[in-house]
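Everything on this sheet refers to the single structure shown next.
The values are calculated or read from the model by the stated rules, or taken from the named source; none is laboratory data. As the structure is a prediction and not an experimental result, all values here were calculated from the model. Just so you know, the surface numbers come from the protein's heavy atoms only, side chains and all, with ligands and any DNA or RNA stripped out. Shrake-Rupley method; radii C 1.70, N 1.55, O 1.52, S 1.80 Å.
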Amino acid sequence: MTIAQNAAGTTHDATTDGGAVDHAGTVTTMTMAGALNTALADAIESDPDVIVFGEDVGALGGVFRITDGLTARFGEERCFDTPLAESGIVGTAVGMAMNGMRPVIEMQFDAFALPAFEQVVSHVAKLGNRTRGGMRMPLVIRIPFGGGIGGVEHHCDSSEAYYAHTPGLTVVSPSTPQDAYSLLRAAIASPDPVIFLEPKKLYWMKGEVDTSITAELGTARVARAGTDVTLLAYGASVPLALEVAEVAAAEGRSVQVVDVRSLSPFDDATVTAAVKSTGRAVVVAEAPGYVSVASEIQARVFERCFEYLAAPVRRVTGFDTPYAPPKFEHWYLPDVDRVLDAIDTLHWDEDA
């Protein structure tokens, strides 16, 4: 087993973290970090065109040890370190993808990817359209994002709106180890570019992973059934929404939770069906609320579900400020009380 260390200094196994293997099938209990590591290894092993590279992903195994052991297992030709130059990393990946390879690159932290943003917007997202489909871009950009690890600015940003706003990019974020594995395999297999947002806060979450389960990009999932109100969330906000549902159940309210998963393309069918079934909705996300993915989800729900709504769609998000210092991030990030407060404003009969 290999050991990784989180921001707080606690050691964790990057593969199974002491989990149990179901030897009768393909089900293994592992962390999200382990699921991502396994997905990368399986993709490299199954497709000679898959290549993994980025800053410190080789011998070190990445800051969060997501690529741990890949260089030792597959060699430096398949998993290697790069200079500290994000625009160069993406530019190199573009050239590889143009020539038939399937590069999977890692940006160490969300804001570290910003020096490569011009490459992503001008080339990664547009080459398929520019060539009228003659040249595809099978490229995955893995980005650890979001807060909850006690990091400073540039290490805890949530920049998903920039990518979701850009036509030509698929943007997804897992919230469980199973989705981490299945969505990453689907992203690597895609003929078009995928921004794969990994919630750092959830890297050490444990769960069962069945490597035979496939995922379809562009789909949401109902994570919990409920009849009174629908919480719409993605990434690290999904476990929060599930925690809210547990607390609300004790107070007599049935809360449905939808894991959006795919920010672009967006699964309107699943989301609108869920909201129509409850008549109330709250969007939960870590990123600042102004001109955000949460804003877009709110607008889409209003447009498609207006006549079914018993109350306005609320949002619970991070604040419209730069990310808070570590000592204050618990004030910045959405929490159970803030979401419950939003639910309480949804025009319940007892309020009359």
Could you tell me what % of all Cα pairs in region 292-335 have separations over 14 Å?
58
If you stretched the chain out fully between Thr214 and Ala310, how much longer would it get, using 0.36 nm times the residue separation minus the C-alpha to C-alpha distance?
30.9 nm
With a 10 Å cut-off between alpha carbons and a GNM built on the chain, which of Leu232, Leu169, Leu184 moves the most?
Leu169
Set of aspartates and glutamates near Lys126 by C-alpha distance (under 16 Å), chain-local residues within fewer than 8 positions excluded
Glu118, Asp192
Considering only protein heavy atoms and a probe of 1.4 Å, how much of the accessible area of region 92-184 is carbon and sulfur, as a whole percent?
56
Determine the order of Lys200, Lys206, Lys276, Lys327 by accessible area, beginning with the largest, at a probe radius of 1.4 Å.
Lys327, Lys206, Lys276, Lys200
For the chain: span of alpha carbons on each principal axis (Å, largest first)
67, 48, 43
For a quick check, take a GNM of the chain with Cα springs below 10 Å and name the residue from Asp110, Asp267, Asp47 with the largest mean-square fluctuation.
Asp47
Ratio of the Cα radius of gyration of region 152-226 to 2.2 N^0.38 Å, where N counts its residues
1.18
Once fully extended, how much extra length lies between Ala59 and Met98, figured as 0.36 nm per residue of separation less the alpha-carbon to alpha-carbon distance?
11.3 nm
Using Cα springs under 10 Å in a Gaussian network model of the chain, which residue among Gly148, Gly62, Gly134 shows the largest mean-square fluctuation?
Gly134
Please report the base-10 log of the normalised intensity I(q)/I(0) for region 213-270, using a Debye sum with one equal scatterer per alpha carbon and no solvent, at each q in 0.13, 0.14, 0.18 (1/Å).
-0.33, -0.38, -0.59
For region 210-346, with all protein chains present and a 1.4 Å probe, just round the carbon and sulfur fraction of the accessible area to a whole percent.
55
Counting only heavy atoms of protein chains, what accessible area per residue, in Å², does the chain have with a probe of 1.4 Å?
41
